[in-house]
Amino acid sequence: MNQHAEAAAPLLELVGVGRTYGSGRRTTTALSGVDLAVRPGRSVGIVGESGAGKSTLLRLLLALDRPTQGQVLYRGEPLAHRDRAAVRRFRRDVQIVFQDPRSSLDPRMTVGSVVAEPLRSLRVPGDRRARVTEVLGWVGLEPDAADRYPAQFSGGQRQRIAIARALAPSPSVLVGDEPVSALDVSVREQVLDLLRRLRTELGLTLVLVSHDIAVVGQLCEETVVLHDGRVVEQAPTPQLLTHPQHPYTQRLLAAVPHLPAP
Ligand code: ADP
């Protein structure tokens, strides 16, 4: 275990976080009492079945929603939502890749415009065209991809475009919401390999949400298991895969036919 990274201050932190939807008698508690730290160089996987609270947790981490209990901290402080420059710094630093590139990429925009969009909206200085070429190269696409449209690419390539867009503003954290679930099995491994390589080469910290513990197991140093809105287990991934403590984690693992070594 990397002791230095372990001791590093969290980039993102949830402290006693809860999220209840609705009011009066019609309430749903989606999350309750969640403590979670995302530290530099320690990628975190969040697993759980449908309804466990994964999307709610992601929205809170991305500051797209606010908790009804507890606090969400970015680099040790609550995000000042009224401070637009602070929000832009946060949005640059914490980027997201969604599940389905078909719906997350605007079909009317060229790939170059798609990838440059966060540079424009977050007012990132520098030569945008050069940056677009650079990040397309990182995900294995040629510079002329910039002049084409998302529909001209395969599903796996479109997810590479979405990853390039997320990388463009140089984030520290890349959040993936089921980033390979919509892809054909044959291209899944390629996109996971790409994420693994980017993690190492760019020093990115990943936060991956997946219903599939095998996906998270390949890429994340830490794994958090969510069940009914609570963290039932949180451990270094190799330990969680070999010695799951909670019966729910044991059930999740039993459902995976073959787990690749982390
Ligand atoms: P997951 O992503 O793991 O499937 P969610 O975070 O989407 O889980 O949902 C957790 C729980 O919160 C579920 O019971 C869900 O029905 C409920 N929930 C999620 N979003 C809302 C909402 N906007 N209004 C009411 N209930 C919600």
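The values are calculated or read from the model by the stated rules, or taken from the named source; none is laboratory data. These numbers come from a predicted model, not from an experiment. Here the Cβ is made from the backbone with ideal geometry for all residues, glycine too, and neighbour counts use every protein chain on show. Just so you know, the surface numbers come from the protein's heavy atoms only, side chains and all, with ligands and any DNA or RNA stripped out. Shrake-Rupley method; radii C 1.70, N 1.55, O 1.52, S 1.80 Å.
First select every other residue whose beta carbon is under 13 angstrom from the beta carbon of ALA162; then total the charges, Lys and Arg +1, Asp and Glu -1. Please report the intermediate quantities before stating the final value.
Working: positive: ARG102, ARG158, ARG160, ARG165; negative: ASP100, ASP106, GLU117, ASP177, GLU178.
Summing Lys/Arg as +1 and Asp/Glu as -1 gives -1.
Ranked by the mean number of other Cβ atoms within 10 Å per residue, highest first, peptides 103-115, 203-215 order as 203-215, 103-115. Using only alpha carbons, the stretch 3-254 has a radius of gyration to Kirkwood radius ratio (Rg to Rh) of 0.97. Compared with the dominant Cα axis of the chain, that is its longest principal axis, helix 155-167 is turned about 90°. The fraction of accessible area contributed by carbon and sulfur in the stretch 138-256 is 47 percent, rounded to a whole number (1.4 Å probe; ligands and nucleic acids excluded). The packing ranking of peptides 163-170, 54-61, highest mean first, is 163-170, 54-61, where packing means the average number of other beta carbon atoms within 10 angstrom of each residue. Annotation for SER186 and SER103: the two label points, set 7 Å from Cα along the Cα-Cβ direction, are 2.6 nm apart. Rolling a 1.4 Å probe across the protein heavy atoms gives the chain an accessible surface of 49 Å² per residue. Taking the Cα centre of the stretch 3-254 as origin and assigning +1 to Lys and Arg Cβ atoms and -1 to Asp and Glu Cβ atoms, the resulting dipole is close to 900 debye.
Which FRET efficiency value, to the nearest 0.05, is calculated for ALA86 and GLN152 with the Förster distance at 45 angstrom and r the Cβ-Cβ distance?
On the way: r = 38 Å, r/R0 = 0.84.
Step by step, r from the Cβ atoms, then E = 0.75.
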